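Here is the structure we will look at, set down as structure tokens.
The values are calculated or read from the model by the stated rules, or taken from the named source; none is laboratory data. Source: prediction; values computed, not measured. Cβ coordinates were reconstructed from backbone atoms using ideal geometry, including for glycine residues, and neighbour counts include every protein chain displayed.
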Amino acid sequence: MTTTVPTKPRVFLSYARVDRARVAKLAAALTAAGHQLWWDTAIEAGSAFAADIARELDAADVVVVAWSAASVKSAWVLDEAGAGRDRNRLVPVLLDGTPPPLGFRQLHAIDLSNGRERKPAGAAELVRAVERVASALPLEPAAKVARAAPKLLPWLVGLIALALVAVLGWQMLGPKFTRSDDKPVVAVLPFLDMSAAKGEAYFAEGLAEEILDTLATDTRLKVLGRTTAWAMRDKAGDPAYLRSKFGVTRLLEGSVRGGGADSGGRVKVSVRLIDTKDGAEIWSQVFDRSEANVLAVQEEVAAAVAAQLAGPASGDGKAAHADASSVPPRVYEDILVARQLIRTRQADALQRARVLAETAVAAAPNYAPAYAARSTALVLLTLYGDLPLQPALTDARRDAERAVALDPRLSEAYAALGNVLISLNDPPGAIAALTRAVKLRPNNSEARMLLGRVMMDNGQVSHAITELTAAVAADPLWTTPTVNLIRAYGLANQPAKVWDVERSFRALSPDPADAELVESDAAMATGDFARALQLAETALRRNPKSTNAISSRNNALLPLLGVDQIPLTQRIYWPDAYWQALSGRWDEVARLLLQQGRSVWDDTLQIYLMSYALTDLGRGADLVASFDARFASIAEYTTSPAASPGGANLIASAMDKAGRSADATALRGFARARMVRNEAGGLSPSWNAADWATLLLAGNDRAGAVAKLEDGLTRNWADVCSGPFWIGDLWPLKPLRGDARFDRVLERCRTAVNKQRAQAGLPPATLK
């Protein structure tokens, strides 16, 4: 039976870059013969380099591999050739007489060495071989090439290579760069899933992230964070751009075969290191293991890469990982996938991550990362899913504490615990856990971000700026630490720094929507609410379902006293009591919060709203009764995580009316001390202006109260005047009505707010 040969088969040409000139002649011969040829000159500028390769390799009818002294050492070429061989679609060519590597010598290779590539007969032989393979006809018997060599299993070859790196020293296989005092800046790109049955991208990307994290523990290297590295995939074909834009000196690319659902007890990882100066491949290697201990592969790859970049590790820089020697390979793989699913912040993906983590915990009850992953999934499902808050947080805390107990060296375990404690409103506990996470892994950008956030919310603004700056430096395209850093500089009343951060992000970001939202946050932090609103609405038009854009729009409208402009369907980001307060329905606020019982005293915002509502309604006795039902003493309240100056001032007013002046004095002493502490920690005094005025009015210091408001206006008008409640309506400040200086404060606020409303296209507000 004969087979019809396709007139124009698709040909994929694999080669080492140093051989480009010779390979170009092969490419010309194949093109002249009418074949559809793809080689890396077809990559468009700015495209996803690795993804293009994977797509074209899958689509190819024939894979032509050009063997040479350089290409037999290239893990990338080996992987491409392996893909062609496994599909019986490989045509090997010898460029310089170098024998094919082990595993490829059973195939006939067309010898074009010694100048034969210039002879028409050589080119014709290549064309015929391509057409033969494309037609699925059997190949010619293997020809004798070079000297026979003993056959070694692929995994053994990998072990020997690693042993050479580790034992004989990096000088023999060593780094291909000149040492300097500057740290190599490394970006680990997401690995490609090259498995036969695709669909394991989460596993491949998870493995790349583990390698990234392991490399990040080496103090001799600067390793960019995951979000930034992943964003670089579309620019992998332009290393010079990445060098000039991000300072990247080395790119690590890779592919994975096996692992995940189709591992079959075998994992093959191919990696190559690219010098961004000229785009040249400076090192590559294949890690092929017959036993799927993926953790060992991850650590081996990281060790080999680090050796190429900075020499062999002395031992003190070795990453501390949970011992997975007794963990089934599938468990480790499931956790890699779970971590990638968690990053999506999508409810269905988070639920799948939770299930994978639960399966891992059941299969390996002493594996700390499984508990850490389940803890994080549970916390996020309370935010992005529909898990009940308190039961989920209880389980999440138990899992995080179990992870810490199982492996006190695991940074992600402490990060998971810190995340839970933030949700449980325990700033001191969260700070302690996250500080430990950062100490264990200084490049843990997520732990640094969380630490900076909780420090900022706890009044430690200067310390927060330090941590958030480090998080941004490690992962400059991750918007979350950038936005939090902008917020911190806003709280410190440093507008120039706010815009420095915004400009830096915009200069790097490839996503206009991300840049618009970051700029919107910067405008918010500097009191330009109209601009913030316009930018958020632009982002919302790009993506009407963007929760970030909706949230930014709402955040911009509230200080403009524009709650009426927020659709009811979008009032989903704060408790119902908050929205009732914005509508002035204080009776409903009191009802909603009182019915929560003791739990209301665990949340700073709810304490403030309930205290404000009950005192405004003349129900101070109900507030005192609720307070006494929760706290045995004033000291118990003032040492609780939810205590705040604003809440303490309001409760003190109720205590005065109840005849408990000593308790009121103690509460006001706490408020004063906390505000002094927070301002010493970097918080702008303008942020506390209304609370200072309330405190001073309690002591009948009207002049001092107005002076605090005037000083706040001078520092930052927005901190004093902007909503969500009009300053003229705040009942604690009503004793100042009729004071000429206070009236001038109100007029300045009225003018500033309505100017912003006009710029936002809103009618002027009636503000008395």
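Scanning the range 316-343 for residues that are of a type outside the set (D, E, K, R), over 18 Å from Ser411 (Cα atoms) and at pLDDT 80 or above yields Pro328, Val331, Val337, Leu341.
Here Arg116 meets each of (1) of a type in the set (D, E, K, R); (2) under 27 Å from Ser135 (Cβ atoms); (3) modelled with pLDDT of 75 or more with one exception, condition (3). With respect to the conditions (1) in a helix (DSSP H, G or I); (2) at positive phi; (3) not small (Gly, Ala, Ser), Asn700 falls short on a single one, namely (1).
Screening Ala302 on (1) surrounded by fewer than 21 Cβ atoms within 10 Å (Cβ to Cβ); (2) modelled with pLDDT of 75 or more; (3) out of contact with any strand residue (DSSP E or B) (no Cβ under 9 Å at 6 or more places or on another chain) shows it passes everything except condition (1).
Show the residue pairs meeting these rules: Cβ distance below 8 Å; 6+ apart or different chains; first residue within the range 734-752 and within 10 Å of Leu709 (Cβ to Cβ); second residue outside any helix (DSSP H, G or I). Short answer, once both residue conditions are applied: Leu746/Leu767; Cys749/Leu767.
Here the condition is being in a helix (DSSP H, G or I) and touching a Phe, Trp or Tyr at 6+ places or on another chain (Cβ under 6 Å); of Val472, Val498, Val483, it holds for Val498 alone. Restricting the search to the range 593-625, which residues are crowded, with 23+ Cβ neighbours inside 10 Å and out of contact with any Phe, Trp or Tyr (no Cβ under 8 Å at 6 or more places or on another chain)? The answer is Leu593, Met610, Ser611, Leu614, Leu623. Kindly establish whether Gly254 is in the same structural domain as Asp193 (by TED's automatic domain parsing) and either modelled with pLDDT of 80 or more or of a type in the set (A, V, I, L, M, F, W, C) (or both). So Gly254 passes the test.
Confirm whether Gly723 is in contact (Cβ under 8 Å) with a residue 24 or more places away in the chain and in contact with a helix residue (DSSP H, G or I) (Cβ under 7 Å, 6 or more places away or on another chain).
Details: in contact (Cβ under 8 Å) with a residue 24 or more places away in the chain: yes; in contact with a helix residue (DSSP H, G or I) (Cβ under 7 Å, 6 or more places away or on another chain): yes.
Taking the combined requirement at face value, the residue satisfies it.
Checking Ala666, Ala662, Ala652 one by one, the residue that is at pLDDT 95 or above and touching a Lys or Arg at 6+ places or on another chain (Cβ under 9 Å) is Ala652 and no other. Whether any residue in the range 722-731 is in a helix (DSSP H, G or I), charged (D, E, K, R) and at pLDDT below 90 is what I want to check. Checked the range 722-731: at least one residue is in a helix (DSSP H, G or I), charged (D, E, K, R) and at pLDDT below 90.
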